[in-house]
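Student: Quick one: the structure is below, and I'll ask about it shortly.
The values are calculated or read from the model by the stated rules, or taken from the named source; none is laboratory data. Please read these numbers as outputs of a predicted model, since none were measured by experiment. All Cβ positions, glycine included, derive from the backbone under ideal geometry; neighbour counts span all protein chains shown.
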Amino acid sequence: MRVAILHDHMSFIGGGERVVLTLARGLGADLYVTDLDPEIPRRAGFADVRVTELAKVPKTPLIRQTRQAKAFHHAEIPDHDAYVFSGNWAIAAAETHTPNLWYCHTPARVFYDLEKTFLADLGPAKRVAARTWIRRTRPKYEADVAAVQRIVVNSRNVADRVKRYLHRTADVVYPPVDVSRHRYSRVGDFWLSVNRLSHEKRIGLQVEAFRRLPGERLVVAGGPQVGVDSRTFLRSLNPPPNVKFLGEVDDAQLRELYATCRGLVATSQDEDFGLTPVEAMASGKAVVAVDEGGYRETVIPGRTGWLVPATAESIVAAIQEGTPDRVAGMRPACEERAKAFDAQRFVERMRDLVGRLDAGAEAAPAKY
């Protein structure tokens, strides 16, 4: 069975990029993206995956998303038995590429629950332009969703959003972590944060917590979200000396950070799923995460880490509880928990769903 996977972009290494690279390798699929950095597959550990760039797109937010959708809408990718879409703009190809399946990381939240938050961060002129873009683009987006035959999501959290905002149901297939590639080295002297530099990751909350913990260290790994100037972003945080930003790191360096940290700190706002807690647990490390979203589906309070309110005070308290002896004692439970999300399970489940796609089927909700 020849499968094509269409993913929004490949300009940085994020959770979505790791998911589609894993799936492409597992299915022997061809991967099509916009804005390809040809070094990304190699740096992420997937040099063998075939990736084709459909178009270059601008970095300016909103213009970027519009151009991505346009590129997929006009894409011509024949001679495949099934099509898998990943992200929010690749689904613009759904009408002309069947049979199809959408692996939905989340509905475009700027149209729904994060619209007000997004607009509030903009100046008056940009706010007017953005509000106009949302009003014009949301109907097109929802029409593209209607052309999708089957929806698969990465968590129960996202399944609820799909039902609430798009009025569809979905299969839940948790995203993959290659557990065999992760290892435990030691309980280190620093806490780790792995995320893109963007407002919804709430890195400022982490910085404030460690500002109050001068005896602890935080290391932040991850490059800026497209359209975010990293220097401006970091200046706005005014990090103390015990918080270090590494920028984007390659796969080998990231695994070394997991292996040698004390634990992971994760604070994303209503995270869709969140691969980083599972990656940390696969490395035998406990997780301090906010009690929201997909973190509730992976972290087991008291056994593999802590789920806490999204306040600096709560994070400080959890870090203080996470003594070297305490987190070392959580190692067996963490490693066992990570096995539930192993990449092989993900590939097998997705292969089954893709194999059952019907070329003649109308777009219809799946069950979960």
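Student: Can you name the number of the only condition in (1) assigned by TED's automatic domain parsing to the domain that holds ARG156; (2) touching a residue at least 12 places away in the same chain (Cβ under 8 Å); (3) out of contact with any Cys (no Cβ under 9 Å at 6 or more places or on another chain) that HIS167 fails?
Tutor: (2)
Student: Quick test of your reading of the structure: ARG235 fulfils all but one of (1) surrounded by fewer than 24 Cβ atoms within 10 Å (Cβ to Cβ); (2) touching a strand residue (DSSP E or B) at 6+ places or on another chain (Cβ under 6 Å). Name the failing condition by number.
Tutor: Single failed check for ARG235: (2).
Student: Hey, can you tell me all the residues within the stretch 285-303 that are assigned to a loop (DSSP other than H, G, I, E, B) and either at pLDDT below 95 or surrounded by fewer than 24 Cβ atoms within 10 Å (Cβ to Cβ) (or both)?
Tutor: ASP291, GLU292, ILE300, GLY302, ARG303
Student: Out of ASP342, ASP250, report the one residue that is touching an Asp or Glu at 6+ places or on another chain (Cβ under 8 Å) and either of a type outside the set (D, E, K, R) or modelled with pLDDT under 95 (or both).
Tutor: Matching residue, one of ASP342, ASP250: ASP342.
Student: Here is a list of conditions, (1) under 30 Å from PRO58 (Cα atoms); (2) in contact with a Leu (Cβ under 7 Å, 6 or more places away or on another chain); (3) outside any loop (DSSP other than H, G, I, E, B), and ARG235 meets all of them except one; can you say which number that is?
Tutor: Unmet for ARG235, out of (1) under 30 Å from PRO58 (Cα atoms); (2) in contact with a Leu (Cβ under 7 Å, 6 or more places away or on another chain); (3) outside any loop (DSSP other than H, G, I, E, B): (2).
Student: Yes or no: VAL278 in a strand (DSSP E or B) and at pLDDT 90 or above?
Tutor: no
Student: Would you check if GLN225 is over 30 Å from ASP160 (Cα atoms) and out of contact with any helix residue (DSSP H, G or I) (no Cβ under 6 Å at 6 or more places or on another chain)?
Tutor: When the stated conditions are applied, GLN225 does not pass them.
Student: Just to be sure before I move on: is THR52 touching a Phe, Trp or Tyr at 6+ places or on another chain (Cβ under 7 Å) and of a type in the set (Val, Ile, Thr) in the structure I sent?
Tutor: So THR52 fits the description; yes.
Student: Cβ-Cβ distance below 6 Å, separation of 6 or more or different chains: which pairs start in the stretch 68-79 with a residue that is part of a helix (DSSP H, G or I) and end on one that is small (Gly, Ala, Ser)?
Tutor: ALA69/ALA92; ALA71/ALA55; PHE72/ALA90; PHE72/ALA92; PHE72/ALA93; HIS73/ALA92
Student: Please go through the stretch 89-138 and give me each residue that is within 23 Å of ASP270 (Cα to Cα), polar (S, T, N, Q) and either surrounded by 15 or more Cβ atoms within 10 Å (Cβ to Cβ) or touching a Pro at 6+ places or on another chain (Cβ under 8 Å) (or both), ordered by number.
Tutor: Result: THR106, single match.
Student: Among the residues of the stretch 14-42, what is the count of those that are under 17 Å from the mean Cα position of the chain (by Cα) and more than 23 Å from ALA92 (Cα to Cα)?
Tutor: The number of residues fulfilling the criteria is 2.
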